[in-house]
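Structure first, commentary second.
The values are calculated or read from the model by the stated rules, or taken from the named source; none is laboratory data. Keep in mind that what you see is a predicted model, and the values were worked out from it rather than measured. Here Cβ is always computed from backbone atoms with ideal geometry, including for glycine, and neighbour counts include all displayed protein chains.
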Amino acid sequence: MKRYIEQFPRAGEVILFDRSWYNRAMVEPVMGFCSPAQYKQFMNRVLEYERSFIADGRTRLIKLYSSVSKEEQARRFERRRNDPLRQWKLSEVDLQAQELWDEFTEKKYQLLKKTHTADLPWYVIRSDDKRRARLETIKVILKAVPYRGRSRSLDLVPDPRIVVPGDVERKGMNRARKKTGRFEE
């Protein structure tokens, strides 16, 4: 967690982390970049750490999880592999992601189970359609942050087909696992 502290916002700033803040919960254990003890330590401490940042009431933490289907991820990776302007986006971890899909999905389930709370909720953004996902993400952020000049006539209610609360996503994943024996997204 120490590696991100310098990146946290100062007064009046907005900071967006990609999956990096939760790398220890997702990528690192699946790829073998951390030990099981390091993973467990992170999972046991992350909520306490996040709460320390929002305790003063002036800092807001909005946890967004962009979720893409396995098929869409494969399509995007193939496009990156073949498009010279997108090849820089494709990493070794990305190339292994399809093979490790079930392991990543298990870590997603554990992440939602252990770190989605009433005061620090996750919003899972269905991201197969990038444009809609981006628009709905903006709605989540604008709805969560009070600001001057906000038009009360704006519809900031997220589309429930795109934005799913973390606990709802986890319950759906659990139902699928009970029904089919594996997580399905």
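Numbers for the structure displayed
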quantity	calculated
Total residues in region 64-101, condition under 21 Å from ALA133 (Cβ atoms), of a type in the set (Asp, Glu) and assigned to a helix (DSSP H, G or I)	4
Residue list for region 86-116, filter: surrounded by 14 or more Cβ atoms within 10 Å (Cβ to Cβ) and charged (D, E, K, R)	ASP94, GLU103, GLU106, LYS107, LYS108, LYS113, LYS114
Flag if LYS2 is more than 15 Å from LYS63 (Cα to Cα) and at pLDDT below 75	yes
Helices (runs of 4 or more DSSP H) contained entirely in region 1-58, each with at least 3 residues that are touching a residue at least 40 places away in the same chain (Cβ under 8 Å)	27-31, 36-54
Those residues of region 16-42 which are surrounded by 10 or more Cβ atoms within 10 Å (Cβ to Cβ) and more than 13 Å from the chain's Cα centre (by Cα), in sequence order	GLU28, PRO29, VAL30, MET31, PHE33, CYS34, SER35, GLN38, TYR39, LYS40, GLN41, PHE42
Members of region 127-154 found to be touching a residue at least 12 places away in the same chain (Cβ under 8 Å) and either farther than 17 Å from SER69 by Cβ or assigned to a helix (DSSP H, G or I) (or both), listed by number	ARG132, ALA133, GLU136, THR137, LYS139, VAL140, ILE141, LEU142, LYS143, ALA144, VAL145, LEU154
Any hit, region 132-145, residues being touching a strand residue (DSSP E or B) at 6+ places or on another chain (Cβ under 7 Å), modelled with pLDDT of 90 or more and not hydrophobic (A, V, I, L, M, F, W, C)	yes
Residue within region 85-96 that is of a type outside the set (Val, Ile, Thr) and touching a strand residue (DSSP E or B) at 6+ places or on another chain (Cβ under 6 Å) present	no
Sole exception among (1) closer than 26 Å to ARG131 by Cα; (2) over 17 Å from the mean Cα position of the chain (by Cα) for GLU48, by number	(1)
